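The values are calculated or read from the model by the stated rules, or taken from the named source; none is laboratory data. The structure displayed is predicted, hence computed values, not measured ones. A quick note on method: Cβ atoms are made from the backbone with ideal geometry, for glycine too, and the neighbour counts reach across all protein chains shown.
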């Protein structure tokens, strides 16, 4: 039996001696590599926090002590050490372990996380609740240096430092988030990393400052100024202490014994503590060490070579978006590109390479990215903000107030719309249509394939006013590549197949699912009309009303939450016209969708040929189904 099999609860870690702890770390890295190579997942971040996680669980007592993992994609080791070893090979699979902390999965997951920069706020909540209940426990937030580019982290640090609440923030500094970190905070942390005399200077300075007398008001004021001047002169990095934290570090995040020593010190101190830990992303697996950005979030790969399995054939929506934007930018120097720490993930690396002065990576700061873009547009530029759908949600107020209210010429490129697969509910893009559709002044469109994506991007950049272009993860339906693009009429849908018995209204790649179902329905003598809606806002009201009047049956397919989505918009159109006698079925997600492959989730929630047949059956048009459906 291996050491890892003996760890049923974190308290079992305290029975191990130092050599056994080193063996345990090697075992953990081996199973991480094995499972992620088969299932995909966040490998490099987890390889980097093995010793840190072991030390945290040896020093603190979970779940009484609360450990909150920022973003959460570095929590695999935490799962292995908290009773989930036997199920670990189900990681990110349908009905398996989540790739992120989830409260319903384990009492050791005290806070569900999937988005960045939330851990310090959550830790403050747990710490204040503990104080109000007069309990005695410790609260620890583990936040990566990439998450420190998010404004919410500073709001929480400011609150914690001001209140003096007992809590510990572990800053896991591996010099990068997904792509290389950007901004002043990254430079600041780098200065601390390379200054081995930091602690010695700080202790010496404190002793020296205590010797400065403070007699009389004027002398006291002079002494205060001298102290501050000396402090900033001799110690080039007291930002956290100025915020009210006791700063410890930087220390080696792979020295488990040293980590335990410093964590025990932090445990005894009062007030907010910031422990600065230096780790190596991808540690223990050469391919991940050499390419931490590739192995940050990776699909299945060859364990021996590190070669990532090739994705489905055909160009991805993300790749085509990046290539098209790059080509259009050559013709129009007013086009700018903005990302929130995701240049490669959003397809903007090519743009950044060709037009570095017109490319902006603002860090994990979606709110700032959107308002920044709005102001750029008012000087005549056409900024394109590329965000994942799930992260776009964080900038909703800025989209509403700073872009749409002011009719700014900003194009939001919303990637990973719809279900994204194994990352699960925190990362599915199920809400963008509902959230954006309610806002005045914005055009919202979704392409059925990569060729239509090209034309929609071209159309959006020509449009005066806010535009949102949403498209899914992965490869589009295989079509012959277009050589160019065309301007589409805003708000005009297209009928891609005629039929008199019912109408399938679909948006995005689900148009092809509708076409497949329509072909199958013909075998039953049912003629289904298929409409590519293209625009969620404005809707093609005239076409929808004509289809309703002619076929009397509408089935709406959308890869998004049902409440407030395109199906709801169609119902609003029918209600506004007092159109009765029309049967309507809406296919989408009634809840936060589970994790699983995109195909599995489409099948589960009825966004499939079988799901369409079920809706047609409920309308009374067919009595039985083919076994192949």
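Taking helices (runs of 4 or more DSSP H) that do not extend beyond segment 323-396, which have at least 1 residues that are farther than 22 Å from residue 417 by Cβ?
Of the helices (runs of 4 or more DSSP H) lying wholly inside segment 323-396, those with at least 1 residues that are farther than 22 Å from residue 417 by Cβ span 349-354, 366-377.
Please list, ordered by first then second residue, the pairs with beta carbon atoms under 7 Å, 6 or more apart or interchain, first in segment 14-42 and under 11 Å from residue 4 (Cβ atoms), second surrounded by fewer than 15 Cβ atoms within 10 Å (Cβ to Cβ).
These pairs meet every condition: 27/2.
Of the conditions (1) touching a strand residue (DSSP E or B) at 6+ places or on another chain (Cβ under 8 Å); (2) modelled with pLDDT under 95; (3) on the phi > 0 side of the Ramachandran plot, residue 421 fails just one. Which one is it?
All conditions pass for residue 421, except number (1).
Would you point out the residue of segment 308-350, among those that are free of Cβ contacts under 8 Å to residues at least 12 places away in the same chain and not assigned by TED's automatic domain parsing to the domain that holds residue 452, that is surrounded by the most Cβ atoms within 10 Å (Cβ to Cβ)?
Looking at residues that are free of Cβ contacts under 8 Å to residues at least 12 places away in the same chain and not assigned by TED's automatic domain parsing to the domain that holds residue 452, I get 309.
Please identify the pairs in which a residue from segment 586-608 that is not assigned by TED's automatic domain parsing to the domain that holds residue 417 has its Cβ atom under 6 Å from the Cβ atom of a residue that is assigned to a helix (DSSP H, G or I) and at pLDDT 95 or above, counting only partners at least 6 apart or on another chain.
Filtered contacts from segment 586-608: 586/567; 587/611; 593/601; 608/602.
Got at least one residue in segment 568-581 being under 30 Å from residue 100 (Cβ atoms) and at pLDDT 95 or above? Walk me through it before giving the result.
So in segment 568-581, the residues under 30 Å from residue 100 (Cβ atoms) come out as 568.
Narrowing further to those that are at pLDDT 95 or above: 568.
The answer is yes; a qualifying residue exists.
Under 28 Å from residue 335 (Cβ atoms), outside the structural domain of residue 393 (by TED's automatic domain parsing) and free of Cβ contacts under 8 Å to residues at least 24 places away in the same chain: does that describe residue 509?
Here the answer is no, as residue 509 does not meet what is asked.
Give, as residue ranges, the helices (runs of 4 or more DSSP H) completely inside segment 8-99 that count at least 3 residues that are over 17 Å from residue 172 (Cα atoms). I'd like the intermediate steps shown before the answer.
Numbers: elements: 18-39, 43-47, 50-59, 76-80.
Where helices (runs of 4 or more DSSP H) fall fully within segment 8-99 and carry at least 3 residues being over 17 Å from residue 172 (Cα atoms), they are 18-39.
Could you list, in sequence order, the residues of segment 450-468 that are surrounded by fewer than 22 Cβ atoms within 10 Å (Cβ to Cβ) and part of a loop (DSSP other than H, G, I, E, B)?
Answer for segment 450-468, where residues must be surrounded by fewer than 22 Cβ atoms within 10 Å (Cβ to Cβ) and part of a loop (DSSP other than H, G, I, E, B): 463, 464, 465.
So how many residues does segment 574-621 have that are loosely packed, with under 15 Cβ neighbours inside 10 Å and touching a helix residue (DSSP H, G or I) at 6+ places or on another chain (Cβ under 7 Å)?
2
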